[in-house]
Amino acid sequence: MESLYSRSMPPDVIGITGSPGTGKSTLTGRLASEFSERGLSVAILAVDPSSPYSGGALLGDRLRMPDLDRHDVLLRSMATRGASGGLARSAADVIRILGAAGRTLVLVETVGIGQVDVDVARLADMTVVICIPGQGDRVQAIKAGLLESASILVVNKADRDGADGVIADLQTMLRVTAGVAARPLLRTVATLGTGVPELADALLAGLEARRAQCETRKTLAGEVRDLVDEDLLQSFWTTGGGEQVLASLLTRAELSTMNPYGIYRALLAARPLPTLSQCSAE
Amino acid sequence: MNSSTPGAVRVLVGMLGLDQHEVGSLAVAGMLRDAGMEVIYLGRFNTPAAIVRAAIDEDADVIGISTHSWEYIEYLPELMNALSKAHCDAAVVLGGSVITASDRDQLLEMGVAAIFGAGSASQDIVAALRTLGATRRAGLARG
Ligand SMILES: Nc1nc2c(ncn2[C@@H]2O[C@H](COP(=O)(O)OP(=O)(O)O)[C@@H](O)[C@H]2O)c(=O)[nH]1
Ligand SMILES: [Mg+2]
C-alpha cells in the first residue's frame with residue numbers, strides 16, 4: 001500500500017452525498033458518463049451501509065448506473081462494515097488504488113447518514129450535497145451542518161412539484177449562513193440528465209480553483225523558505241560574526257594541516273548555529 | 001483490488017437477458033445479506049459482458065444468476081466464455097425454477113459451480129456460497 005503512495009498522483013475526488021433516495025446513484029452515474037465523454041478517466045466508489053444485524057450488505061448502486069460500460073467507467077461498491085474511522089481509511093486506500101490504476105477522477109457516493117459520511121466527505125476535494133423537493137417540511141430539505149460541508153448544492157428531481165420552493169429555501173439559508181453565500185446552487189433531473197453538463201462544469205471549475213490555490217500555496221511556501229535561508233545565512237556570517245571567526249581560524253591554522261571539516265567544527269564550536277528566534281526578519 | 005476483508009464473501013446477484021421475474025433474485029439477495037455476505041445487486045436485463053465487467057470491478061467471489069426463463073441455455077455458455085477470456089475466476093452459481101436435469105449436467109460440465117432448483121433450502125445455498133468464497137480467497141492469498 002505504501003509503495004502506491006509514492007508511485008502515483010492522487011486522483012481528484014468528488015464526494016456526492018444526500019439522504020437515501022435523493023438520486024445520488026443516478027446522478028453519480030450521469031456525471032461519470034459526462035466526465036468520461038469529456039475525456040477524463042473516471043472511477044466511482046459507491047459506499048452503502050452494512051446491516052448492523054448480519055454484517056452483510058446489499059449494494060444496489062450499480063443498478064442505477066446502467067450506462068457505465070459504454071463509457072469505460074470503473075465502479076467499485078463498498079460496505080461500511082460498521083467501522084466509521086476504518087471506512088475512511090479503507091476508502092482512502094481504494095481511491096489511491098484507483099489512482100494507481102490510471103483513474104484521474106474518482107466520484108465517491110456516500111450513504112448520506114451520520115459520521116461515516118462526514119469522514120468520507122473529508123477525503124473529497126469537492127462535495128456535492130443533494131436535496132429534493134417533497135421531503136415534508138421544506139426547511140428540513142437540508143440538515144444542519146451539511147450546508148457548510150457542501151462545495152455545490154444540487155436540487156435533484158427538479159421535474160417534481162416543489163423544486164422552486166426548495167431552491168428558494170436554500171437561497172435563503174445560503175444568505176443567512178456565514179461563509180457559504182457563494183456556493184453554487186444548481187438544479188438537475190438525474191433520470192434525464194438535465195443540468196448534468198452544468199454541474200460538471202461547476203465541479204471542474206471548482207477543482208481547477210483548488211489546484212490554483214494549491215499552486216499559490218506552494219509558491220508562497222517556496223518564497224518563505226528563501227527568506228528563512230537568507231536570514232539564517234545573514235545571521236550566521238554577518239550579524240553573528242561567523243566571517244570574523246573564520247578569518248581568525250584561517251590565520252591560526254597551519255596551511256599544511258588545513259582540513260575544511262576540522263575548520264568547520266572549530267567554527268561551530270566558536271559560533272553556535274543561529275536559531276530562527278535569533279534571526280531579525282523584517 | 002484486494003481491499004476487502006477476507007471475512008465477507010462478495011456475491012454478484014443478477015439476471016440475464018429479458019427475464020422479467022425479479023422476485024426470486026431479490027429474495028436471494030436479501031437472504032445472502034442476512035447471512036453476512038456483501039451482495040452487489042445487478043437486477044434485471046444484464047448482458048454477459050456487463051456481468052463480467054461488474055465481477056472484475058467488484059472483485060466478486062461468486063456470480064449468482066437467477067433465472068426463470070429458458071434464456072439461460074443461450075446466455076450461460078456466453079457468460080462462461082467471456083469470464084474465461086477475461087481471466088475472471090469468480091465462481092458461477094445458477095438458481096431458478098426451470099433448469100432440467102439434462103441441462104444441469106451440461107452446465108456443470110461447462111464449469112458452473114453449483115445449481116439450485118426451486119426447492120433448495122436457503123442454508124444449503126448459503127453454505128455452498130461460503131465454501132466457494134473461501135476457496136477463491138484462499139487461492140488469492142496463495143497468489
Ligand atoms: N422524478 C425523478 N426521479 C429521480 C430523479 N433522480 C433519481 N430519481 C429516482 O429516485 C430513485 C432513487 O434514486 P437513487 O439514484 O437510487 O438514489 P440514492 O439512494 O440517493 O442513490 C430512483 O427510483 C430514481 O429513478 C429525478 O431527477 N427525477
Ligand atoms: Mg445509491
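FYI, it's all coordinate maths here, none of it is from the lab. Predicted model, so just to flag it, every value in this text is computed and none were measured. Heads up, the Cβs are rebuilt from the backbone with ideal geometry, glycines too, and the neighbour counts pull from every protein chain shown.
Brief remarks on what is shown
- Long-range Cα-Cα pairs in segment B:10-142 (distance over 17 Å), rounded percent: 54 percent
- Equivalent ellipsoid dimensions for the protein assembly as shown as semi-axes, Å, which come from the Cα gyration tensor, largest first: 56, 31, 18
- Relative contact order computed over segment A:140-249 (Cα-Cα under 8 Å; 6+ residues apart), in percent: 21 percent
- Percentage relative contact order, segment B:10-142, counting C-alpha pairs under 8 Å, at least six apart: 26 percent
- Taking only the C-alpha atoms of segment A:221-278, Rg followed by Dmax gives 13.6, 44 Å.
- A Cβ-based charge dipole, computed about the Cα centre of chain B with Lys and Arg at +1 and Asp and Glu at -1, lands at about 400 debye.
- Segment A:Ala209..A:Ser54, full-extension length gain: 51.4 nm, with 0.36 nm per residue of separation and the alpha-carbon distance subtracted.
- For segment A:46-59, 3J(HN,Hα) per residue [Karplus equation, 6.51 cos²θ - 1.76 cosθ + 1.60, θ = phi - 60°, Hz, x = Gly/Pro]: 9, 9, 10, x, 7, 5, x, 8, 9, x, x, 8, 10, 9
- Put simply, the amide H of A:Leu59, placed in the peptide plane, has neighbours under 5 Å in B:Val39, B:Ile40, B:Tyr41, leaving out anything fewer than 5 places away on its chain.
- At R0 = 30 Å, FRET efficiency that the Cβ-Cβ distance of B:Ile73 and A:Asp93 yields, to 0.05: 0.10
- Over segment A:136-266 - Rg/Rh using Cα atoms and the Kirkwood inverse-distance radius: 1.50
- FRET efficiency, 1/(1 + (r/R0)^6) with R0 51 Å, evaluated for B:Ala27 and A:Arg217 via beta carbons: 0.40
- Normalised by the number of residues in segment A:221-278, the mean separation of alpha-carbon contacts (under 8 Å, six or more apart) gives a relative contact order of 46 percent.
- For A:Leu75, the residues whose amide H sits under 5 Å from its own are A:Ile44, ignoring neighbours fewer than 5 places away on the same chain, with H placed 1.01 Å from N.
- Residue-wise HN-Hα couplings along segment B:55-66, as the Karplus relation 6.51 cos²θ - 1.76 cosθ + 1.60 with θ = phi - 60° gives them from phi, are 4, 6, 4, 8, 6, 6, 7, 9, 10, x, 9, 9 Hz; Gly and Pro carry x.
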